[in-house]
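Inspection log for the structure reproduced underneath, given as structure tokens.
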Amino acid sequence: MTDNGPLPPHAAPAGCPAHTGAVPLAGLEYQQDPSRLYRDLRREHGAVAPVLLDGDIPAWLVLGYSEVGYVTSHDELFARDSRRWNQWENIPADWPLLPFVGYQPSVLFTEGDEHRRRSEVITEALEGVDQFELARECRQIADQLIASFAGSGQAELMSAYAHALPMRAVVQMCGMPHTGEDTQRLVEDLQISLDATEGEDPVAAYMRVAERIQQLVKEKRERPGPDVTSRMLLHPAGLTDEEVVQDLITIIAAAQQPTANWICNTLRLLLTDERFALSVSGGRLSVGEALNEVLWLDTPTQNFIGRWAVRDTQLGGRRIRAGDCVVLGLAAANTDPQIWPESYVGAENAAHLSFSNGEHRCPYPAPLLADVMARTAVENLLERLPDLVLAVEPEELTWRPSIWMRGLSALPVEFTPVVQ
């Protein structure tokens, strides 16, 4: 049942693991308030719910904190190679979720020793990033971006700041120029491939991203430098150019849009929640608390697709068949009443699943680098524009229509103009 009546019923196709009553994850009904969807599904189905992806493709959404932990800790039961999926015969060539699930020879879909080999390359390439230098570069980028709108007394921070800062930082980290039309097109295509809206072609966008990264790898193979791409190419594991291309796409995609949403969701919290009102201006303690609370309550990646059952098994009282798709409900797990029985989330607790869990979680030190980018972005903005306020009422803010990513459509603000 929902607050407005029963969950919308959908008849399951033949051979489908989702029975009558499965809820579509596509559509507008829950996109502004996904927490309501998770509550309804949990009430109706428990910790593991039958759902329908775009085109009424069946899957399982894992809502429970312990159940997500179980799936991500048991690769022998729930693996990452999507070629196991028992629904491929029903997937059209232009299916909008193909950039998420279409098998690619990237670290995302590798398993066992091959996954460990690829992860080691990424980990060591990212460990070569000096976090103090990254913070300095992010401050410089922040200053440049803020200077572009500080004199006007108003800005739309999602596009002018939150998306732009991690984009410039991560492409610079990978050895690309952080400004220019070429870089901007790359970021736009990444956003479309990860979170397309109506009328956008995520598959075509992903192909354009791959072409640009192929060019980058070619350039760095010829002229290596002190960057992530070059370190991956020179690693003794000897990755092929195609492997490096695929893994770089994963790194850039994971760093850019989720970090942008993390920044913007944190700014929204700081500007709308009275708990932070007295200490927002330059308040580093408040910023840290807000960043962590957002990972619990408005995590940038709400749901992650997915894992595929290696064999018939049980999960949360459900029979999962070999080849079934399992979607990790990271946002639902983070707000599981079994871990927060009184609906209280402690900002000091960092045991959230926003970076996933297990062998396929975000590789160290990626979460630390994302934190450097997000924290620097928020702190610099509040220090430079201390009287920053929303330009609209809080209830007028809208979320980008997506069940996968959690980010605002826009964050309009006002402040006292600053003469540069």
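The values are calculated or read from the model by the stated rules, or taken from the named source; none is laboratory data. The structure presented is a predicted model; accordingly, all values stated were derived computationally and were not measured. Don't worry about glycine lacking a Cβ; one is built from the backbone with ideal geometry, like all the others, and counts go over all protein chains shown. What goes into the accessible areas is simple: the full protein's heavy atoms, side chains included, and nothing from ligands, DNA or RNA. Shrake-Rupley method; radii C 1.70, N 1.55, O 1.52, S 1.80 Å.
So the values come out like this:
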item: Any pair with Cβ under 9 angstrom, 6 or more apart, that starts in the range 133-148 at a residue that is touching a residue at least 24 places away in the same chain (Cβ under 8 Å) and ends at one that is open to solvent by 90 Å² or more (accessible area, probe 1.4 Å) and not in a helix (DSSP H, G or I); result: ALA147/GLN420
item: Residue check for LEU61: modelled with pLDDT of 95 or more, buried (at least 18 other Cβ atoms within 10 Å of the Cβ) and of a type outside the set (Lys, Arg); result: yes
item: Among (1) modelled with pLDDT of 95 or more; (2) under 24 Å from ALA205 (Cα atoms); (3) open to solvent by 20 Å² or more (accessible area, probe 1.4 Å) - the single one GLN104 does not satisfy; result: (1)
item: Residues located in the range 399-420, provided they are more than 13 Å from SER159 (Cα to Cα) and part of a loop (DSSP other than H, G, I, E, B); result: PRO401, SER402, ILE403, TRP404, ARG406, PHE415, THR416, PRO417, VAL418, VAL419, GLN420
item: The range 393-418 residues that are small (Gly, Ala, Ser), paired with ones that are open to solvent by 60 Å² or more (accessible area, probe 1.4 Å) (beta carbon under 9 Å, 6 or more apart); result: SER409/THR398; ALA410/SER159; ALA410/THR398
item: Which numbered condition HIS235 misses (of (1) more than 25 Å from GLY102 (Cβ to Cβ); (2) at pLDDT below 95); result: (2)
item: Residue within the range 160-176 that is at positive phi, surrounded by fewer than 23 Cβ atoms within 10 Å (Cβ to Cβ) and not β-branched (Val, Ile, Thr) present; result: yes
item: Any chance LEU369 is of a type outside the set (Gly, Ala, Ser) and not in a loop (DSSP other than H, G, I, E, B); result: yes
item: Matching residues, the range 73-96, being open to solvent by 20 Å² or more (accessible area, probe 1.4 Å), within 18 Å of THR110 (Cα to Cα) and in a loop (DSSP other than H, G, I, E, B); result: HIS74, ASP75, GLU76, ASP81
item: Per-region count, the range 374-398, residues more than 30 Å from TYR30 (Cα to Cα), of a type outside the set (Val, Ile, Thr), open to solvent by 10 Å² or more (accessible area, probe 1.4 Å) and assigned to a helix (DSSP H, G or I); result: 4
item: Of all residues making up the range 65-101, the number that are among the hydrophobic types (A, V, I, L, M, F, W, C), at pLDDT 95 or above, farther than 23 Å from ASN357 by Cβ and in contact with a Phe, Trp or Tyr (Cβ under 9 Å, 6 or more places away or on another chain); result: 1
item: Given (1) of a type outside the set (A, V, I, L, M); (2) modelled with pLDDT of 95 or more; (3) farther than 23 Å from GLU379 by Cα; (4) open to solvent by 50 Å² or more (accessible area, probe 1.4 Å), number of the condition ARG185 does not satisfy; result: (2)
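Conditions tested, residue by residue: (1) under 13 Å from HIS163 (Cβ atoms); (2) in a helix (DSSP H, G or I).
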position	(1), (2)
GLY199	no, no
TYR206	no, yes
VAL209	no, yes
PRO224	no, no
PRO236	no, no
LEU239	no, no
GLU242	no, yes
PRO258	yes, yes
